[in-house]
Amino acid sequence: QVQLVESGGGLVQPGGSLRLSCAATGSILRIDVMGWYRQAPGKQRELVAVISRDGTTNYAVSVKGRFTISSDSAKKMVSLQMNSLKPEDTAVYYCKLRHPGPDLWGQGTEVTVSS
């Protein structure tokens, strides 16, 4: 059974940086898209950044220029480098993997940006 394991969340001051990582365990026929979503308290889950198998990336407007998504298909990993963090980036961040089967979600990792 395939699972996504996230790491890297935590507490950081405004202007600081964090790096999130997500690794898929188990056998996967093909990875089509990997990405990060986030959900702040009282808000809906939203897309942060995604990267396709061909390397195409897409970012939310609010994070463009500050966040960078990267992936290693051979290792079945996706990372999110977050720089210049703002209090409004505070949320639970979820990794998502799209493959020929049902979409997979990680358990979430909490990011808190506060002084």
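Residues being outside any loop (DSSP other than H, G, I, E, B) and either crowded, with 21+ Cβ neighbours inside 10 Å or not basic (Lys, Arg) (or both): count how many of those fall in segment 65-114.
Narrowing segment 65-114 to residues outside any loop (DSSP other than H, G, I, E, B): 67-72, 77-82, 87-89, 91-98, 104-105, 109-113.
If we keep only those that are either crowded, with 21+ Cβ neighbours inside 10 Å or not basic (Lys, Arg) (or both) too, we end up with 67-72, 77-82, 87-89, 91-95, 97, 104-105, 109-113.
Total satisfying the criteria: 28.
Gly42: within 19 Å of Val92 (Cβ to Cβ), within 12 Å of the chain's Cα centre (by Cα) and not charged (D, E, K, R), yes or no?
no
So which of Ser84, Ser79, Ser7 ends up being on the phi > 0 side of the Ramachandran plot and in contact (Cβ under 8 Å) with a residue 60 or more places away in the chain?
Matching residue, one of Ser84, Ser79, Ser7: Ser84.
Kindly provide the set of residues from segment 22-35 that are open to solvent by less than 40 Å² (accessible area, probe 1.4 Å) and not in a strand (DSSP E or B), ordered by number.
Correct list: Gly26, Ile28, Ile31, Asp32.
Scan segment 50-64 residue by residue and report those that are aliphatic (A, V, I, L, M) and open to solvent by 70 Å² or more (accessible area, probe 1.4 Å).
Hit for segment 50-64 is Val61, nothing else.
What's the number of the only condition in (1) more than 13 Å from the chain's Cα centre (by Cα); (2) open to solvent by 40 Å² or more (accessible area, probe 1.4 Å) that Leu47 fails to meet?
Exception for Leu47: condition (1).
Kindly indicate which of Arg38, Arg19 is part of a strand (DSSP E or B), open to solvent by 20 Å² or more (accessible area, probe 1.4 Å) and modelled with pLDDT of 95 or more.
Exactly one of Arg38, Arg19 is part of a strand (DSSP E or B), open to solvent by 20 Å² or more (accessible area, probe 1.4 Å) and modelled with pLDDT of 95 or more, namely Arg19.
The values are calculated or read from the model by the stated rules, or taken from the named source; none is laboratory data. Because the structure is predicted, anything quoted here is derived from the model rather than measured. Positions of Cβ are generated from backbone atoms using ideal geometry, with glycine treated the same way; all protein chains shown enter the neighbour counts. To get the accessible areas, we keep the full protein, side chains included, count just its heavy atoms, and leave off ligands, DNA and RNA. Shrake-Rupley method; radii C 1.70, N 1.55, O 1.52, S 1.80 Å.
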